[in-house]
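The values are calculated or read from the model by the stated rules, or taken from the named source; none is laboratory data. Note that the coordinates shown come from a computational prediction; the quantities given were computed from them, not determined experimentally. Cβ placement follows ideal geometry from the backbone for every residue including glycine, while neighbour counts extend to all protein chains displayed. The accessibility values were calculated without ligands, DNA or RNA, using every heavy atom of the protein model including side chains. Shrake-Rupley method; radii C 1.70, N 1.55, O 1.52, S 1.80 Å.
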Amino acid sequence: MGILDCAVSRHTLPTFLLYLCCIFGPSLGTELSFVTCGSVIKLLNVKHNVRLHSHDVRYGSGSGQQSVTGVMTIEDSNSYWSVRGTLDTLCHRGTPVKCGQDIRLTHVNTGRNLHSHYFASPLSSNQEVSAFGDDGEGDHLDEWTVQCGGSVWKREEAVRFRHKPTDAFLSVTGEQYGRPINGQREVHAMADPSQHSLWKAMEGIFMKPSEIPTGSRDYSHLHTEF
């Protein structure tokens, strides 16, 4: 798993990812063994084999914000997230994400950030996780700390994401939604780390500083750094 193949994935890639992939081909970031700032990736929950997902469907309870779920489908463009810095800490494009670093994860297709707060999640009554903000800009409740075992976030490593403001861990415990998102799993946050809170970087485009040419689209939303 890792770098996307343009020939296989052109029907499931967002437009600007397809553009980058077709320019740079399978050589884009293939030598990188770690996750970098500015990368656009899918995240797999190791225990439940679902990818972190969002879509323009709002919760019917709790915050009423855009829902975040887990899906088993691999070929879904709504499972891409951009790795970015926080409001206070820059994340220079192409630099390795360090263990213990605070990041934001921005949903590519809707521009909303992975978010949590003290609302109860709809199925398990754990802490709700939603997608919040506008065009990549939200608030301090969008910040997550990468917990991993070495100095940087390695692509083959299962890591945890601790919600910085509430100290809860991004998790899946298997509860399934009915209509209109039948079969998708609830994603929530839990107070303690467990096997349910382990995630691994999967499909995506892993950026280096020199890999975006002048004039191409940059998901930093007109900022020069993530």
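Below 8 Å between Cα atoms, with a sequence gap of 6+, how large is the relative contact order for region 25-152 in percent? Intermediate results must be reported in sequence, preceding the final value.
Details: 261 pairs, mean separation 31.7, N = 128.
Reported as a whole number, the value is 25 percent.
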**OP:** Multiply the residue separation of L90 and I181 by 0.36 nm, subtract the distance between their alpha-carbon atoms, and state the gained length in nm to one decimal.
**Re:** 29.2 nm
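Taking only protein heavy atoms into account and a 1.4 Å probe, give the accessible area per residue of region 122-197 in Å².
Details: 3350 Å² over 76 residues.
Normalised by residue count, the accessible surface of region 122-197 is 44 Å².
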Original post:
Rg to Rh for region 56-166: what is it, with Cα atoms only and Rh by Kirkwood?
Top reply: 0.96
Subject >> Spacing of the two label points (7 Å from each Cα toward its C-beta) at K208 and N109, in nm >> reply: 3.1 nm
Original post:
Carbon and sulfur atoms: what percent of the 1.4 Å accessible area of region 45-185 do they account for?
Top reply: 45 percent
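On a full-extension model of 0.36 nm per residue, what is the gain between L123 and H140, subtracting their alpha-carbon distance, rounded to one decimal in nm? Walk me through the numbers on the way to the answer.
Values: separation 17, 0.36 × 17 = 6.12 nm, distance 2.53 nm.
Gain in length upon complete extension: 3.6 nm.
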